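All remarks here apply to the structure that follows.
A short reminder: the numbers here are calculations on the coordinates, not readings from a lab. From a predicted model like this one, the values you see are computed outputs, not experimental measurements. FYI the Cβ positions are ideal-geometry reconstructions off the backbone, even for glycines, and counts take in every protein chain you see.
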């Protein structure tokens, strides 16, 4: 298990932790962290600025987090 710390990227912090150490969850987290890091870098640290590009990248980060959580739910899903 990796504990959240300052050496983690924005994307790694955004996807959360994997306390169970599940390899499939770790893979999903790594993929979505990469997407989120890309979007965060492309929005250019425009936290205080209001522009459409930054807004769209912020929305993409939000939606990536939702998709990541749904993928983890699918990994844990059992029909039994």
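Here's the yes/no breakdown for (1) touching a helix residue (DSSP H, G or I) at 6+ places or on another chain (Cβ under 9 Å); (2) free of Cβ contacts under 8 Å to residues at least 12 places away in the same chain; (3) loosely packed, with under 15 Cβ neighbours inside 10 Å; (4) closer than 12 Å to residue 65 by Cα:
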site: 7; (1), (2), (3), (4): no, yes, yes, no
site: 11; (1), (2), (3), (4): yes, no, no, yes
site: 14; (1), (2), (3), (4): yes, no, no, yes
site: 19; (1), (2), (3), (4): no, no, yes, no
site: 24; (1), (2), (3), (4): yes, no, yes, no
site: 28; (1), (2), (3), (4): yes, no, no, yes
site: 35; (1), (2), (3), (4): yes, no, no, yes
site: 42; (1), (2), (3), (4): yes, no, yes, no
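Output the residues belonging to the range 51-80 that are surrounded by 14 or more Cβ atoms within 10 Å (Cβ to Cβ) and over 22 Å from residue 20 (Cα atoms).
54, 57, 58, 60, 61 - these are the residues of the range 51-80 that are surrounded by 14 or more Cβ atoms within 10 Å (Cβ to Cβ) and over 22 Å from residue 20 (Cα atoms).
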